[in-house]
Every structure is written in structure tokens, then in C-alpha cells.
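Take a look at the structure below.
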Amino acid sequence: MIETVATAARAYYGGADSALDDDVYDALVRGIEEYEREHPDHVLAESPVGKVAAGAIAPGDVPHSVPMLSIANVFDPEGLLAWGASLERRLGRPVDGFTVEPKMDGLAVAAHYREGRLEQLVTRGDGIAGEDVSHAIGTVRGLPERLAEPVSIEVRGEILLTGEQFERANEIRVENGATVFSNPRSGAAGTLRAKDRPYTIPTTFYGYVGMPVADDDGSFAAFLREAPHSEVMAAVANLGVNTTGGTPAGLRVCPTLVEVQEAVDAIAAMRPDLPFGIDGVVIKADSAADQADAGNGTRAPRWAIAYKLAAVHKITRLVGVDWAVGRTGVIAPRAILDPIEIDGSTVGFATLHNPADIERRGLMIGDQVSVYKAGDIIPRVEAPLVHVRTGDETPIEFPAVCPQCGGGIDTSEQRWRCVQGRACGLHAGILYAVGRDQLDIEGIGGRLVTQLVDTGAVADVADLFTLTREQLLTLERMGDKSADKLLAGIEQARTRPLSRVLCALGIRGTGRSMSRRIARHFATMDAIRAADVVEMAQVEGIGDGKGPVIVAELVDLAEVLDKLVAAGVNTTEPGVTPGASTAPDAADDPAAGQGPLPLAGQAVVVTGAMTGVLEALSRNEMNELIERAGGRAASSVSAKTTLVVAGDKAGSKRAKAETLNIKIITPEEFATLVAPVLDDGA
Ligand code: IVH
């Protein structure tokens, strides 16, 4: 067991890939700790317990002025309270405030600034001495070569790859024929230690300790020695260095452990939205006197504790890959995994993006792979653990023909598509188009769609609107009555708002809420079709990435769009004036013609069952209502949420909103709030 932990510790601290994920590693170390407590005479020399970096790192050649210690861990509220109680016992007085900040999941370094200039960058090493990695100076965002003031200071912090930098790093690695990094932490470690690479991978620094350099007795050094941690870090930020306090998670000062626990929960809730990985939350005694009086143990200070969060990277086996044809004809690979619990849910499938991505990652069936999932995001496979391969792994076979229709595949782009495109996914596409949140045509189900598609009566969405009574009557089990009912449904569908018509088209890169944003922005189908990439990118959430795809899709759909207009389908958005296209939060209330929209600037999440006048509304209709009122609808509660509508039996989303201190209202209160736009629109 000790050998397993030692190998994993070497991988963890040395920047290689570990076959254990963090939860398993922590549990093993805790197990050894317990065993050693009960059998003190069985403690082996190589035990990882009580050692900085679990004893895994060979010391470098730059000694630290003050040892760079680890932090002890707690895993739950009881652990936090126990730590607080022992700290107070040791101090013999109440703790004078705590700070709460994210525990960055990267590599600890010490940055030595002398008279405002960054002179040396040193890794933690074994805590006593580290490796000089000054070659990285200039490639680390947030670690300027010059401070705003010519002061001397040692800033300790973490170097990491943000989510964006991690993606970019792997692109750069592939371009240079190197293997991809399996996770941001090992990527940061590998990047920092590598010298003389032909390419540069940018990283980011976040500081969490500011201390004077040895023998400095100036006034700034005195401030660094005497001021509370929170004030020291504010000063570090003012000098131009990134700090944990400058992140969305922030650095909070909490008077008691009750507030500390709330702040921990709030940071944990934000975790999926943070632009970098965290593996916990760090709590420190804020005052310098408390820190000095509490002192340090051999491995960790007594004035700080890490509240560990469950790992969101987990390791499991890639059992297989299946390929599904989507509505737009895209052939998407999906990983079939040995089911594993990540961040509160069981994950059995994960996205693999596209064939090029599979090749980039060098995945094989049977591989142990690291899987990432946090919050509501779709789980994704990151990389194989190449060094634990057994030799029994087999290559992933790419389809030679479309798995749906057996036809050819267009492989000219990263995402493969059936050469028939939308036509191949036609059955799924039409079924989607007639769905409740799109054209909402009652009486069309899967069986009827199959008949319409197979007989050639419907070759695209627009064909639905020119179906004749005679055509319908030729179909199996279609009598006069059901034909009339269907025709009436189609007639009604002609009047749906533009946003729903747009959504029914199944344009790549757009779903329900994006379709509404586009429709509100442009007001008419003509204006949407006339938009170029730059104009399209102005719609919130589209940007430069999706703009070109959407514009190209609209060009592709030109014939269908013409047919829709010819069939008399509505192409305007109710409540939006053509030409007055602006962001909803800047727009005036189109219904009342006065004052701002009631939900301008709000990010709203609906949860639980609606009651009162809203009772009959589907979730999508609620979202439409929110957007008509100028707000932005979201499906999950995050730090960005500003309002939660909680109906009957609201559960975890309501609870999360409470921890995050987000305003919560009832469906009835919400109905009053949006009354000006309630009768408008769909
Ligand atoms: S304070 C000894 N604050 O976590 C106390 N450390 O597992 C000084 N870490 O050694 C460190 N985020 O490398 C502190 N906000 C934070 C941190 C943090 C990450 C690292 C640090 C530490 C390790 C312990």
C-alpha cells in the first residue's frame, strides 16, 4: 500500500500522470495514518505520513528562507470545527477572524522580488529547498517582471493552467508532436520543469502568501510581518500580482466558523464555473499574531487548514465507443465507460468530441482514462494513462460509412458528418421540429414522422407546412378526423414566434435559448439572414466561435427558409421592434412602451413545480417568459445567478441558492414581477 501511495505521490508532486485519482490517494494516506497511529512500531521509513509532498520530491538546490510547508486536510464540517477548536485551545483565546480562499490545484512556487524586480522563481521541492525555475519568468500570467512599487517581497503561490490554457496547451503539444497532458495540474508541472522547449506554453500564477525577504527590516517588511493575511494579500494585488482574492472565488474574511463553513460551501458551489481547477478551500487565521502564536507543526502550520473537495477528475476504464448521427447529420463519438461516481452523479458515458480529438488524445479501448465532470457540464474524457497500459488495449475503430444510413461520410472537417447532412438525421430532425418547445404540432409522433419521411412527403421542416389533406389520407391509419386535426395543428404552427421557428430548424450551435436570443436581437428572419459574421457575433453567447457556423448554416438552409416564407410561416418575433435590436437589458419594455424590462440584467433559474397563473407553463415557456422580460434563463444555479423562482418541491437548486445568498421568490411573486409581459408573445 505504501508503495502505491509513494508512486502516486511521486506522480502527483512530480508532474506525471497518476493511476490513482485524488480521492483514492487521500483515502490511502488516511488509512496509513490510522494504521500507524494504532501500530506506532510498524511505521516504515518510507511512509508518506507526516512528510512534505509525502516525501516524494528530491530536494532542489535553492534553499527556502522559511520552509514551504504543506497544509493539513479536513473533509467535512466536523473536521473544520475540530480544527477550529484545537486552534483556540492552543491560543487560549478566540481566533481573531478567519480568511477563506480557494485552494488552487497547481504547483507551489516562491517568487522572489527585490526592489520591485522579479529575480528568482523556485518550486517547493521538499519544502526545505526547491528547484530554480526562473527560466519560466515571462511566460506566467499574473506574475509580472516588475511590481508597481520598488519593494522587496517573496510571494508564494500556485502556478497552474487555466481551463483555457489547458486546451491551448494541448493544441500546442499536438502541433509539436508531443503527447497531450491528461489534466491541468500535470500539464502545469511538466511545463514549469521543462527547459529549452521549442514552444512556449503560457501558465497562470495566483499568490496566497506574502512575506518579507530575509533580513529586510524596512517599513514594508514590517507591514508584511504584522498586518493580517487579508491586508497583506490586498497589498500584493495592488503591486500587480494575481492573488486568490482576485479570482471569482475571492478571499473572504469571516469572524466565526459558521461563516467560514458558508464561505466554503459558496466556493464549492462556484467550482464548476471557475476558470481554473481547485481541489479545496483554504482557511487561515487572519491575524499575524494568531499565526505566530499558533506556530507550525513539522509538516504544516497550525493556523491553516485545507477543506478538501471531492475530485472531479476520476479514473475509469474506456469500455467502448459508439457513434450516433445527430439531427444535423453530425456523426459524434461517445465513450462508454465503466460507470463511476463523479461530483455527485454516476457517469457511464462521456463525450469524445470528434475523431481528430480521439487521435490527438491517442485513446484506445481498454485504456484507463481520466474523466472530468463538474456540476451540470457534460462529462468528458481527458486522456489515457499511457504508462498503465497492459498491452491488451485495442484501437478505436472509426466508422467507414454513416452508421445511420450506410452512406458516405464527409471527413473534411473535425466533426464528421454524413454526406446527406440534415437529410440523414431527418427523422430525428422533424421529430425535434414538431416538439412542444418548437413548432408544437400536436398529433405528430415518431410513427407518423417515419411515414412522412419514408414516403418522401417531408424532406425538410418546410414541407410540413405544405402537406395536403390528400397526401395525409394516403398514409396508414389516417382517417378524415385525424387528418383534419393534424391540418389544424399545422395551421396553428404557422403563427409560432420566430424564435421557435428558428429553433425548429436545428441550426448547429443553437438551442432553445440561443434561438430566442437571436430572434430578439434581429426581430425578423430577413434581418437574421442578412446578418454577417460580425453582426451575428454580437448576439450574447455567440461570439467569434459560433458566428461563422451559424451564418454558414443559414446559407445552407436558404432553400428551406424560402419555402417557409412561401408557406406563410411567421418570421417575426412578438414584442420586438425590427431595427431596434439591442441587448435585452438595454431595451425598453415593448409591451408597455415605458421603463426598463422587469428582469433586465437578471440571471434567473426556475426550479420546482409552478403554481397559480404559471402552473401550465413548461420549463421552456418559463424560460421564454424570462427572456421576454429582459432576463437570461439558466438551468443551473451558479455564482452568476441573481434570482431563483422556487416552486413546489424545489430541491437542491433552492438549497444551493440559499448557500449562495441568491434571492429566492415564489411563482406567484414572479408572476407579479413579469406581469407587464405575461400576456405577450407565444
Ligand atoms: S497557504 C503552509 N493558500 O496547497 C501554508 N496554500 O496541499 C501556506 N495551496 O502547500 C500555504 N492554494 O501549495 C495556501 N490558497 C492557498 C493555496 C495553497 C493552494 C497549496 C500550497 C500548499 C498546498 C497544500
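Against the numbered list (1) away from the ligand (no atom under 15 Å from the Cβ); (2) touching a residue at least 60 places away in the same chain (Cβ under 8 Å); (3) under 30 Å from ARG146 (Cα atoms), THR244 comes up short only at (1). Looking only at segment 274-308, residues that are among the acidic types (Asp, Glu), more than 11 Å from the ligand (Cβ to nearest atom) and closer than 23 Å to ALA27 by Cα come to 0 in all. Taken over segment 191-209, residues that are modelled with pLDDT under 90 and either crowded, with 22+ Cβ neighbours inside 10 Å or closer than 13 Å to LEU107 by Cβ (or both) amount to 2.
Taking the stated definitions as given, is ALA306 open to solvent by 50 Å² or more (accessible area, probe 1.4 Å), in contact (Cβ under 8 Å) with a residue 24 or more places away in the chain, touching an Asp or Glu at 6+ places or on another chain (Cβ under 9 Å) and not acidic (Asp, Glu)? The answer is no for ALA306. THR99 passes every criterion in (1) surrounded by fewer than 23 Cβ atoms within 10 Å (Cβ to Cβ); (2) under 29 Å from the mean Cα position of the chain (by Cα); (3) not hydrophobic (A, V, I, L, M, F, W, C) apart from (1).
Can you tell me which residue is modelled with the lowest pLDDT among those in segment 247-273 that are within 15 Å of the ligand (Cβ to nearest atom), open to solvent by 20 Å² or more (accessible area, probe 1.4 Å) and under 18 Å from the mean Cα position of the chain (by Cα)? Among residues in segment 247-273 that are within 15 Å of the ligand (Cβ to nearest atom), open to solvent by 20 Å² or more (accessible area, probe 1.4 Å) and under 18 Å from the mean Cα position of the chain (by Cα), the one modelled with the lowest pLDDT is ARG271.
Residue count for segment 225-241 under the criterion of being within 14 Å of the ligand (Cβ to nearest atom), farther than 16 Å from ASP290 by Cβ and open to solvent by 20 Å² or more (accessible area, probe 1.4 Å): the result is 1. Among residues of segment 64-80 that are in contact (Cβ under 8 Å) with a residue 12 or more places away in the chain and within 10 Å of GLY127 (Cβ to Cβ), those with a Cβ under 8 angstrom from a residue that is open to solvent by less than 50 Å² (accessible area, probe 1.4 Å) and of a type in the set (Val, Ile, Thr), sequence gap 6+ or separate chain, pair up as HIS64/VAL122; PRO67/VAL52; MET68/VAL52; LEU69/VAL52; SER70/VAL52.
Does segment 82-130 hold any residues that are acidic (Asp, Glu), closer than 18 Å to HIS229 by Cα and within 14 Å of the ligand (Cβ to nearest atom), and which are they? Answer for segment 82-130, where residues must be acidic (Asp, Glu), closer than 18 Å to HIS229 by Cα and within 14 Å of the ligand (Cβ to nearest atom): just GLU101.
Where in segment 415-530 are there helices (runs of 4 or more DSSP H), lying wholly inside it, with at least 1 residues that are of a type in the set (A, V, I, L, M) and touching an Asp or Glu at 6+ places or on another chain (Cβ under 6 Å)?
498-504, 512-522
Note on segment 176-192: among residues that are away from the ligand (no atom under 16 Å from the Cβ) and over 21 Å from LEU20 (Cα atoms), the one that is nearest to the chain's Cα centre (by Cα) is THR191. Pairing residues of segment 185-207 that are under 11 Å from ALA136 (Cα atoms) with residues that are part of a loop (DSSP other than H, G, I, E, B) and at pLDDT below 90, at Cβ distances under 7 Å and at least 6 apart in sequence or on separate chains, gives ARG193/GLY15. Restricting segment 288-305 to residues that are polar (S, T, N, Q) and in contact with a Phe, Trp or Tyr (Cβ under 9 Å, 6 or more places away or on another chain), the residue that is modelled with the highest pLDDT is GLN291.
The values are calculated or read from the model by the stated rules, or taken from the named source; none is laboratory data. Quick caveat, the model's predicted, so the values are computed rather than measured. With ideal geometry, Cβ positions are generated from the backbone for all residues, glycine too; neighbour counts draw on all protein chains shown. Only protein heavy atoms, including side chains, enter the accessible area calculation; ligands, DNA and RNA are left aside. Shrake-Rupley method; radii C 1.70, N 1.55, O 1.52, S 1.80 Å.
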